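Okay, so here's the structure we're looking at.
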Amino acid sequence: MTQINKLKIFNDPIYGFITIPNELVYDLIQHPYFQRLRRISQMGLSYLVYPGANHTRFHHALGCMHLMKRAIDTLRFKDVVISEEEENALLIAILLHDIGHGPFSHAMEKSIVEDVHHEAISLLFMNQLNEEFGGRLSLAIQVFKGEYHRKFMLQLISSQLDMDRMDYLKRDSFYTGVAEGNVNSERLIQMMNVENDVLVIEEKGIYSVEKFLLSRRLMYWQAYLHKTSLVAELILMKVLKRAKELTLKGVKLPCSEPLMYFMQNKITLEDFDAEKLDLFSQLDDFDIISALKAWQRHNDFILSTLSKMIINRDLLKIKLSAEKIPMEESQSLKEEFAEAHQISAVDAGYFIFRGKIKNQAYSKEAEPIRILKKDKTIEDVVEASDQLNLKSLSKLVTKYYICFPKQLI
């Protein structure tokens, strides 16, 4: 039998060549669970605003793994002892951190796979893979769950300055063309160190941290919470909610078997056994898009109208405001729309609704980004910085929105 060369190289448009470090990582990347990420868009429906934003979660996961390898090399150079086993665990944990994302994940989490967070599903996938790979992912799972005694390792995977954020900001900025999001991940990694078992950034890297936090804030307003991306995702949630409602009433909707299963059944985290996990692993963006294409022609007014909106990019109007939008405003619009289309006021709620969005680049409640000063003391970046803008970046900004059909303007 011919031996397959598993030490492959990927050509990444952002970092250049990314090397697969060992055979176990290669086998994990080859697994159908991971290959599915090629069919899951990293930025959901943002391509309706930024036509270049068609990159996938597969792409992002490899980028995170590459940055993790750089971080490990940097820390070892600074005499932080990381064993080969720990290195492997870190690479696997960051590679698989997003494996539980469903298609258009945030819309799915709020409509089809209700109240089951993608991180919980990632863990289920990791446990399943651990069984298949004879327990070789055990340490990676321990680190991912924050149960490993070396605290800084979890911080590299999940914190306010982790490999995940460093890659998605840089990658999403590149593919959307939103230059403000471009962070200097190389410089940030070079400035990392470990002190008393926690991750710190050396003082001379403080301006890179400030730029990172500012980039994060700007990317949220310009890309992730862009009002058109936002309204598209909200419409998708309404479509899926309506589809589930009709399915539970016994209406047969054309869609793939895995999607049909999750629409017919309310699945909680406790229900996720190996069989359901396998069904979930068959879901990707194509299931949703092909369902929307079919549902455009359905005789249910709500389902067909909302599906057409996404397919043809003829979306609802969205109005943002710093002030809370009064209920009376949406109520009168609902009544007007209900009358015009001969539907109930409840059904009109699929087209006219209010809500709010929040943006906070740096949270004081979460674990801080620590700056290692020259005198070896450690300070929260907000205190260490001489820039006033960091205090404003840790302020929670809330905006209110109302969505309604264009013909009601």
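Among the residues making up the range 99-110, those that are modelled with pLDDT under 85 and open to solvent by 10 Å² or more (accessible area, probe 1.4 Å) are HIS106, GLU109, LYS110.
The criterion of being of a type outside the set (Val, Ile, Thr), open to solvent by 90 Å² or more (accessible area, probe 1.4 Å) and at pLDDT 90 or above does not hold for LYS395. ALA223 meets each of the listed conditions (1) crowded, with 21+ Cβ neighbours inside 10 Å; (2) modelled with pLDDT under 95; (3) in contact with a Leu (Cβ under 6 Å, 6 or more places away or on another chain) apart from (3).
In the set VAL231, VAL251, which member is open to solvent by less than 60 Å² (accessible area, probe 1.4 Å) and outside any helix (DSSP H, G or I)?
Numbers: VAL231 fails: outside any helix (DSSP H, G or I).
The match here is VAL251.
Scanning for something in contact with a helix residue (DSSP H, G or I) (Cβ under 6 Å, 6 or more places away or on another chain), buried (at least 19 other Cβ atoms within 10 Å of the Cβ) and in a loop (DSSP other than H, G, I, E, B), does the range 129-137 turn up at least one residue? The answer is yes; a qualifying residue exists.
Only one entry of GLU186, GLU114, GLU119 meets the criterion of being touching a residue at least 12 places away in the same chain (Cβ under 8 Å), open to solvent by 50 Å² or more (accessible area, probe 1.4 Å), in a loop (DSSP other than H, G, I, E, B) and under 29 Å from TYR50 (Cα atoms), and that entry is GLU114.
Of the residues ASP314, ASP287, ASP386, which is out of contact with any strand residue (DSSP E or B) (no Cβ under 9 Å at 6 or more places or on another chain), open to solvent by 40 Å² or more (accessible area, probe 1.4 Å) and either in a helix (DSSP H, G or I) or at pLDDT 90 or above (or both)? If you could, list the steps in order and put the result at the bottom.
Numbers: ASP287 fails: open to solvent by 40 Å² or more (accessible area, probe 1.4 Å); ASP386 fails: either in a helix (DSSP H, G or I) or at pLDDT 90 or above (or both).
Residue meeting the stated conditions: ASP314.
Only one entry of TYR362, TYR400, TYR350 meets the criterion of being among the aromatic types (Phe, Trp, Tyr), in contact (Cβ under 8 Å) with a residue 24 or more places away in the chain, within 27 Å of HIS106 (Cβ to Cβ) and assigned to a strand (DSSP E or B), and that entry is TYR400.
Considering each residue of the range 222-230 in turn, at least one proves to be in contact (Cβ under 8 Å) with a residue 40 or more places away in the chain, among the hydrophobic types (A, V, I, L, M, F, W, C) and touching a strand residue (DSSP E or B) at 6+ places or on another chain (Cβ under 7 Å).
Within the range 338-347, how many residues are assigned to a loop (DSSP other than H, G, I, E, B) and at negative phi? Let's see the steps before the verdict.
Within the range 338-347, the subset assigned to a loop (DSSP other than H, G, I, E, B) is 342-344.
Remaining after also requiring at negative phi: 343-344.
So the answer is 2.
Quick check: anything in the range 160-171 free of Cβ contacts under 8 Å to residues at least 12 places away in the same chain, under 24 Å from PHE58 (Cβ atoms) and open to solvent by 30 Å² or more (accessible area, probe 1.4 Å)? Looking for residues that are free of Cβ contacts under 8 Å to residues at least 12 places away in the same chain, under 24 Å from PHE58 (Cβ atoms) and open to solvent by 30 Å² or more (accessible area, probe 1.4 Å), one finds none in the range 160-171, hence no. Among the residues making up the range 108-158, those that are farther than 20 Å from ASP278 by Cα and hydroxyl-bearing (Ser, Thr, Tyr) are SER138, TYR148, SER158. Contact map, the range 93-111: first residue within 24 Å of LEU154 (Cα to Cα), second residue surrounded by 21 or more Cβ atoms within 10 Å (Cβ to Cβ) and at pLDDT below 80, Cβ cut-off under 7 Å, separation 6 or more or different chains; pairs are GLY102/MET108; GLY102/VAL113. Could you list, ordered by first residue, the pairs with Cβ atoms under 9 Å in which the first is in the range 234-256 and within 16 Å of GLY102 (Cα to Cα) and the second is open to solvent by 60 Å² or more (accessible area, probe 1.4 Å) and outside any helix (DSSP H, G or I), at least 6 apart or interchain? The qualifying pairs are MET237/LYS110; LEU240/LYS110; LYS241/LYS110; SER256/GLN282.
The values are calculated or read from the model by the stated rules, or taken from the named source; none is laboratory data. What you see is a predicted model, and the numbers here were worked out from it, not measured in a lab. Methodologically, a virtual Cβ is constructed for each residue, glycine included, from the backbone with ideal geometry; neighbour enumeration extends over all protein chains shown. Ligands, DNA and RNA are excluded from the accessible area calculation, which covers all protein heavy atoms including side chains. Shrake-Rupley method; radii C 1.70, N 1.55, O 1.52, S 1.80 Å.
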